[in-house]
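One structure below.
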Amino acid sequence: MHIIKLNATDSTNQYLKNLLLTKFIEDFTVVTANKQTKARGQMGTTWQSDTGKNLTFSILKQFDHFLVQNQYYLNITVSLAVYAFLKTLNVPNLAIKWPNDILSGNQKICGILIENVLQGQHINSSIIGIGLNVNQTEFHNLFNVSSLKLLLGEKFNLDELLYMLLNEIKSNFDLLNSDQYKFLDKAYLAVLYRKDLISNFKDANGMSFTGTITGISSEGKLIVQLADFTLREYNMKEIKLLN
């Protein structure tokens, strides 16, 4: 495991992308930064993080024969690793909000952004960006956001947490093969936020509706049972969970 520590960068994901263009990088190279000026989340959102208070890092994962059609399981594997790590810290009421936000109750404490480098029908490598709120206690103009310090009432050593989390993620990559997909599906659904509960949604056209999350398709789409009991699958750009 090779770790590159930066004081500041625009984005650790982008930093790794640039490295890939210029030199050979070993598998599981990690870039971490005290400050990211252009950190991104899912759907182009920005990630707000006070300098030196949170874990913001990216991991390069290389593959030999990992099919594009199975990329959903990479999301699951990383999400479950973060979930398991936070469980060891006794973070209360943990859940994974589809596709890969980690919540305590209804408050977000961790976001994950995975960007893949494709070669034909295979994923050649993935850059896995993770932002975990650790010691930050104020989140300006953000709602339903929390941190480990707010939840557990103590200040954490960022380096210690980083190594613990990296080891959990690296260990979980052993599950990333077809023999383990049923296990991953079951483990993910067991901790999926709002599963089997009537919830409020908004579609891509801005229309609000109610439905119940019943599962995830083999392609990673959210399966929602609508008010008329029909089932519909949604990708990330087509639906937003409001509660």
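Just so it is clear, none of the values below were taken in a lab; they were calculated from the coordinates. All values reported here derive from a predicted model rather than from experimental measurement. Cβ: placed from backbone, ideal geometry, glycine included. Neighbour counts: every protein chain shown.
Share of pairwise Cα-Cα distances greater than 15 Å in the stretch 152-191 is 59 percent (whole percent). The orientation-averaged projected area of the convex hull spanned by the Cα atoms of the stretch 163-230 comes to 6.5 nm².
A Förster radius of 30 Å combined with the Cβ-Cβ distance from Asn157 to Asn106 puts the calculated FRET efficiency at roughly 0.60. With no solvent and one equal point scatterer per Cα, compute the Debye intensity ratio I(q)/I(0) for the stretch 1-125 at 0.19 Å⁻¹ and report its log10, rounded to two decimals. Scattering profile of the stretch 1-125, log10 relative to I(0): -1.23.
Antiparallel beta bridges, as assigned by DSSP with both residues in the chain, represent about 85 percent of the total such bridges.
With semi-axes defined as the square roots of five times the eigenvalues of the C-alpha gyration tensor, the equivalent ellipsoid of the stretch 101-161 measures 30, 14, 9 Å, largest first. Over all Cα atoms in the chain, the spread is summed up by Rg and Dmax: 17.7, 55 Å. The base-10 log of I(q)/I(0) for the stretch 125-243, evaluated at q = 0.13, 0.19, 0.20 Å⁻¹, reads -0.79, -1.19, -1.20 [Debye formula, identical scatterers on Cα atoms, solvent excluded].
Karplus-based coupling profile of the stretch 2-19, in residue order and whole Hz: 10, 10, 9, 9, 10, 6, 8, 7, 5, 7, 5, 4, 5, 4, 5, 4, 5, 4, with θ = phi - 60° in 6.51 cos²θ - 1.76 cosθ + 1.60 and x standing for Gly or Pro. With θ taken as phi - 60° and the Karplus curve 6.51 cos²θ - 1.76 cosθ + 1.60 applied, the whole-hertz 3J(HN,Hα) list for the stretch 166-182 is 4, 5, 5, 5, 4, 5, 5, 4, 5, 7, 7, 9, 4, 5, 9, 5, 5 Hz, x standing for glycine and proline. For the chain, modelled as a GNM whose springs connect Cα atoms under 10 angstrom apart, the maximal fluctuation among Phe143, Phe201, Phe85 occurs at Phe143. If only the Cβ of Lys and Arg carry +1 and only the Cβ of Asp and Glu carry -1, the dipole of the stretch 2-190 around its Cα centre is close to 320 debye.
What residue among Thr137, Thr88, Thr32 shows peak mean-square fluctuation when the chain is described by a Gaussian network model with Cα springs under 10 Å? In the Gaussian network model the winner is Thr88. Sorting Lys221, Lys87 by the number of Cβ atoms found within 10 Å of their own Cβ, with the fewest placed first, yields Lys87, Lys221. For the pair Lys182 and Leu142, the difference between a 0.36 nm per residue extended length and the Cα-Cα distance amounts to 10.8 nm. Annotation: average projected area of the stretch 198-241 is 2.8 square nanometres, based on the convex hull of Cα atoms across all directions.
Exceedance of the 21 Å cut-off in Cα-Cα distance is limited, within the set Lys97/Lys240; Lys87/Lys108; Lys17/Lys221, to Lys17/Lys221. Within a straight-line Cα-Cα reach of under 18 Å, Lys23 can be paired with the following lysines, leaving aside sequence neighbours fewer than 8 residues apart in one chain: Lys5, Lys61.
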